[in-house]
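Below: one structure, written as structure tokens.
The values are calculated or read from the model by the stated rules, or taken from the named source; none is laboratory data. Just so you know, these numbers come straight off a predicted model, no measurement behind them. Here Cβ is always computed from backbone atoms with ideal geometry, including for glycine, and neighbour counts include all displayed protein chains.
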């Protein structure tokens, strides 16, 4: 049950982050400082990356996926950590030396404005999917805390994300990220330790899950037939299939490299050295956070069923195993664990930290999406149409676009409630990687060697191949098909003999 102490802890934690964001945002004077900062140290870069990577997908979503698929849920945060490492060690230097402020500006400079426009639209779709997942995650938190209807919870989530990023752009994301870095890391460790203690280690978690599935109807509904199949699912790192789980990890690695939001964290650093150090630090923290959330999901599976499962058992006349709790849905696994298994004061701090973390991730993604929309999509449209400068400053346009993006995310989140949060995350990052990874990488390291028309075609062809594989349930992960189609399109014609 939610107590007054829980709510006080949540509200005080939210107030702390908003204060830090506001104080940092007071230094924002123009559009460039709003979107890229330029003076951040290593810990500020780490905070900004962690604040946007360790959001609802990495926490609420990981616990949700572990509830159904066990330790394989860990792949999301492993991939995010590896992606941050690759971004720091491989891409930080070339990105900063490019002199650009968006990834698609780099692509445009090499392959023309058409490639930039097409890439921008596809890129925005990928980021928007991720923003929707953050709204869904924070809605689950708000629903569990205040017991309000999903629609109002989703609206509150969108408004809170909006306020957070409007305070100060990338600077507030970084400063707030440092606060979240401390709170989230401590919170995750505490949750993981508590699970390990009350469950009796991994063997205790495994025994509890076996007990839940003693009811044949419940086991069959989840595709489990015997004890061996239960162990194979919950203890295997490849519970959803080797290529499915590794493909999800690959989507995370390449998606991080190909995302404007994370590149802005690299550009915000005071130097390349500090950018690299910040990214490496983030890569260390991410898997640890994911491990703790995976443990929470495993514990909740061993002690709770969902209302959907309860209804199904009642219809079949089956008995519910004794001592099990009931939750509205698997997305509530983490917040319900905190509410029911931790002291109220600590639970309030943890829930506030989780909510702040999700909101901060949503704010960082919204900032990246608005930067692309204003600079790449709208900017190119104005140039092609010969339009004069807008009466609104670029900073005002960016802020207005954030409002529009989050209102659309609210509507879509309400429509797609019940979707696996991490599946949205894998799809989002995979789409971004397929759309821009090869054009961006070739522009940075192989300028002048590939035909702009082929590069332009590779973007929609790769995305179309990925979506086709996704919705036709082809074997393996859809990202492999998308990346293969994109690369083959670029390489169909032999590269020019000499760079231009």
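Just a few scattered comments:
- Of the residues making up segment 141-154, those that are modelled with pLDDT of 85 or more, surrounded by fewer than 21 Cβ atoms within 10 Å (Cβ to Cβ) and closer than 16 Å to residue 56 by Cβ number 0.
- Residue in segment 218-233 that is over 30 Å from residue 352 (Cβ atoms), in contact (Cβ under 8 Å) with a residue 40 or more places away in the chain and within 21 Å of the chain's Cα centre (by Cα) present: no
- Residues of segment 254-272 that are over 20 Å from residue 423 (Cβ atoms) and not in a helix (DSSP H, G or I): 268, 269, 270, 271.
- Hits in segment 85-119 - residues which are within 15 Å of residue 264 (Cβ to Cβ) and assigned to a helix (DSSP H, G or I): 87, 88, 91, 92, 95, 96, 103, 104, 105, 106
- When residue 495 is tested against the conditions (1) closer than 21 Å to residue 243 by Cα; (2) surrounded by 15 or more Cβ atoms within 10 Å (Cβ to Cβ); (3) at pLDDT below 90; (4) out of contact with any helix residue (DSSP H, G or I) (no Cβ under 7 Å at 6 or more places or on another chain), the lone failure is (1).
- Check on residue 124, under 25 Å from residue 309 (Cα atoms), in contact (Cβ under 8 Å) with a residue 24 or more places away in the chain and part of a helix (DSSP H, G or I): no
- Residue 209 being touching a residue at least 40 places away in the same chain (Cβ under 8 Å), part of a helix (DSSP H, G or I) and over 30 Å from residue 45 (Cβ atoms): yes
- Output for segment 212-241, where each listed residue is over 15 Å from residue 70 (Cβ atoms) and part of a helix (DSSP H, G or I): 216, 217, 218, 220, 221
Here's the yes/no breakdown for (1) modelled with pLDDT of 80 or more; (2) under 27 Å from residue 238 (Cα atoms):
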position	(1), (2)
7	yes, no
14	no, no
19	no, no
55	no, yes
70	yes, yes
76	yes, yes
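- Yes/no for residue 200 being at pLDDT 85 or above and over 29 Å from residue 398 (Cα atoms): yes
- Being part of a helix (DSSP H, G or I), free of Cβ contacts under 8 Å to residues at least 24 places away in the same chain and over 23 Å from residue 198 (Cβ atoms) holds for only one residue in 251, 311, 283, and it is 311.
- Look at segment 46-58: where a residue is in contact (Cβ under 8 Å) with a residue 24 or more places away in the chain and a partner is part of a loop (DSSP other than H, G, I, E, B), sitting 6+ places away or on another chain with Cβ atoms under 8 Å, you get 48/268.
- Check on residue 107, modelled with pLDDT of 85 or more and under 20 Å from the mean Cα position of the chain (by Cα): no
- Test: residue in segment 451-472 that is on the phi > 0 side of the Ramachandran plot and surrounded by fewer than 23 Cβ atoms within 10 Å (Cβ to Cβ): no
- Residues of segment 284-304 that turn out to be closer than 12 Å to residue 76 by Cα and buried (at least 21 other Cβ atoms within 10 Å of the Cβ), as a count: 5
- The residues in segment 36-46 that are at pLDDT below 80 and either surrounded by 24 or more Cβ atoms within 10 Å (Cβ to Cβ) or out of contact with any helix residue (DSSP H, G or I) (no Cβ under 9 Å at 6 or more places or on another chain) (or both) can be counted, and the count is 2.
- Checked against the criteria, residue 436 does not count as surrounded by fewer than 23 Cβ atoms within 10 Å (Cβ to Cβ) and at pLDDT 90 or above.
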